[in-house]
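Single-structure report; data block below.
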């Protein structure tokens with residue numbers, strides 16, 4: 001990011017110009033992040049802006065020696081999205097008690113490109129979409145996802161299984177004819 | 001994460017995203033709501049910051065209140081002169097002095113010169129003697145030319161001066177005639193015993209004139225609005241109250257930041273005027289001008305966002321609520337009645353800031369057979385990106401009806417923009433109506449040479 005110091009100074013002074021520059025810089029990446037969790041674009045934007053508001057309010061806490069500014073912002077926005085997911089009460093579903101990690105080791109999703117992945121995410125319901133994004137995009141393991149979303153490991157596994165079941169017909173249609 | 005950083009660098013997205021302009025607009029609204037921007041911060045010694053504009057507003061309010069207080073508490077010029085020179089309120093020493101002067105005048109058989117030392121100049125004395133002569137022979141046309149009668153108190157001295165003239169013939173019965181005069185004059189006359197009947201009549205007229213001018217505070221100020229030959233210049237502060245959208249408090253009181261700032265109505269402009277006979281030219285400068293155009297949308301945006309099981313359609317309209325800037329106006333008015341003036345003029349305005357309202361109607365169209373659901377919301381915020389839809393310069397033609405009093409004026413103004421304001425849609429030629437109030441702070445007079 002160019003002029004990062006100046007942008008931070010402007011944000012600290014609550015100047016709209018600097019805030020706008022920062023916003024426009026990180027917007028594409030963060031909007032994609034939010035879209036992974038929320039199918040509704042309006043909700044995704046709302047979450048992104050809520051997260052950015054936190055960024056502007058807490059930017060004095062940013063310490064450049066601890067990491068990159070973008071990573072710091074990314075973490076805040078992602079946590080905002082996860083908070084929103086927690087508040088939106090994920091529907092309880094039947095659990096899968098099989099702890100065999102091999103169950104998810106081979107998945108057709110691995111063969112998808114990022115662009116295609118976003119298209120197929122719309123097939124999933126919001127809770128499954130969130131679990132899928134956390135698992136396949138954000139790299140969280142099942143236990144961490146359970147902790148983030150306040151649900152059991154079995155529930156997370158069920159959502160991942162649901163992801164595969166939902167996407168299988170689509171993948172077969174487009175990729176495994 | 002590296003992919004995201006790469007995305008930032010390349011500014012590419014694998015899927016279509018909402019325009020960043022719209023996203024930033026929403027973000028800015030959120031910021032304005034939760035974290036308002038402080039404009040022109042002023043740092044004090046203690047480190048706390050404030051708004052320079054706020055201090056400026058406070059200073060202006062203080063200045064105005066000081067002026068108003070001064071105007072209210074200050075005795076009128078005429079009252080002051082009345083107090084100082086009212087013949088009926090002369091001190092004993094003054095009366096004695098006048099008596100002495102009268103006697104002195106009698107002895108010398110000349111016009112009493114010592115009176116000039118009591119404040120009346122010798123030129124005036126000579127004028128007085130001329131008038132005296134006329135008073136003794138004919139009816140004096142009492143011309144209340146304001147420029148020359150701005151000496152209410154001096155009239156009182158005139159009467160004394162007239163009465164103290166030495167070259168008078170004593171006619172029996174003078175005392176009887178003198179009784180009809182006011183006390184002070186009578187005392188002097190009785191002492192001198194040299195006033196003729198004709199002089200008494202003239203004296204009476206002069207005293208009446210003197211009384212009129214004295215009791216009417218200041219002749220010049222009292223008759224300021226009467227058509228005269230002289231040029232008069234005045235100036236002061238003025239305030240306007242727009243009648244457009246007066247029932248809509250949110251719009252009417254909105255400040256440049258979109259938040260209510262009702263105190264802005266107290267921010268004044270400056271006016272100057274030049275008057276000659278029944279004609280009046282006015283110049284107005286208002287650094288705090290604002291306009292409330294008709295609320296007509298100038299921009300429409302329609303969008304759709306496909307979801308998992310619904311299609312969300314948005315209909316966004318942008319409307320200008322209020323504009324802020326500086327105005328310079330010139331006008332001409334003609335006296336149609338004693339205190340009513342009718343006229344018109346033009347006003348050039350440069351708009352620098354504005355407040356717009358964004359209204360959004362959401363239509364959720366479910367994929368199943370359920371009917372659409374409409375919801376609406378609106379946001380008010382400072383206009384920054386949509387000035388391309390408006391002209392920042394505006395020229396108005398106005399018509400004014402003014403009621404003028406001594407120290408203040410009030411009236412109504414209607415106007416219409418002759419230059420296009422909205423460039424495409426929206427209020428192209430906004431109509432405005434406002435009440436105004438002017439407070440006179442200074443007054444100058446340039447006399448025209450007396451034709452007599």
Practice prompt. Might you let me know whether region B:325-338 holds any residue that is more than 19 Å from the chain's Cα centre (by Cα) and either buried (at least 17 other Cβ atoms within 10 Å of the Cβ) or part of a strand (DSSP E or B) (or both)?
Written response: no
Fill in: Residue tally, condition modelled with pLDDT under 85 and under 23 Å from residue B:274 (Cα atoms), over region B:426-452
7
Discussion item. If I filter region B:347-372 down to residues being in a strand (DSSP E or B) and farther than 25 Å from residue B:30 by Cα, which single residue comes out as nearest to the chain's Cα centre (by Cα)?
Written reply: B:347
Worksheet item: Given B:36, B:41, which one is modelled with pLDDT under 80 and touching a strand residue (DSSP E or B) at 6+ places or on another chain (Cβ under 9 Å)?
Response: B:41
Item to complete: Kindly indicate which of A:53, A:112 is within 14 Å of another protein chain (Cβ to nearest Cβ) and modelled with pLDDT of 85 or more.
Response: A:53
Worksheet item: Pick from region A:38-50 the residues that are surrounded by fewer than 24 Cβ atoms within 10 Å (Cβ to Cβ) and more than 7 Å from chain B (Cβ to nearest Cβ): which of them is farthest from residue A:77 (Cα to Cα)?
Response: A:43
Worksheet entry | Selection status of residue A:67, outside any helix (DSSP H, G or I) and either under 29 Å from residue A:123 (Cβ atoms) or outside the structural domain of residue A:139 (by TED's automatic domain parsing) (or both) | yes
Worksheet, complete the sentence: Conditions (1) over 21 Å from the mean Cα position of the chain (by Cα); (2) in contact (Cβ under 8 Å) with a residue 24 or more places away in the chain; (3) surrounded by 13 or more Cβ atoms within 10 Å (Cβ to Cβ) -> residue B:388 fails only (3)
Item to complete: Output the number of residues of region A:11-48 satisfying the condition of being farther than 26 Å from residue A:124 by Cα and without any contact (Cβ under 8 Å) to a residue 12 or more places away in the chain.
Response: 6
Worksheet item: If residue A:10 passes every condition in (1) farther than 30 Å from residue A:159 by Cβ; (2) surrounded by fewer than 22 Cβ atoms within 10 Å (Cβ to Cβ); (3) facing another protein chain (nearest Cβ under 10 Å) but one, which one does it miss?
Response: (3)
Worksheet, complete the sentence: Note on region A:13-32: residues touching a helix residue (DSSP H, G or I) at 6+ places or on another chain (Cβ under 9 Å) and either outside any helix (DSSP H, G or I) or more than 7 Å from chain B (Cβ to nearest Cβ) (or both) are A:14, A:15, A:17, A:18, A:21, A:22, A:30
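The values are calculated or read from the model by the stated rules, or taken from the named source; none is laboratory data. Keep in mind the model is a prediction, meaning the values are calculated, not measured. A quick note on method: Cβ atoms are made from the backbone with ideal geometry, for glycine too, and the neighbour counts reach across all protein chains shown.
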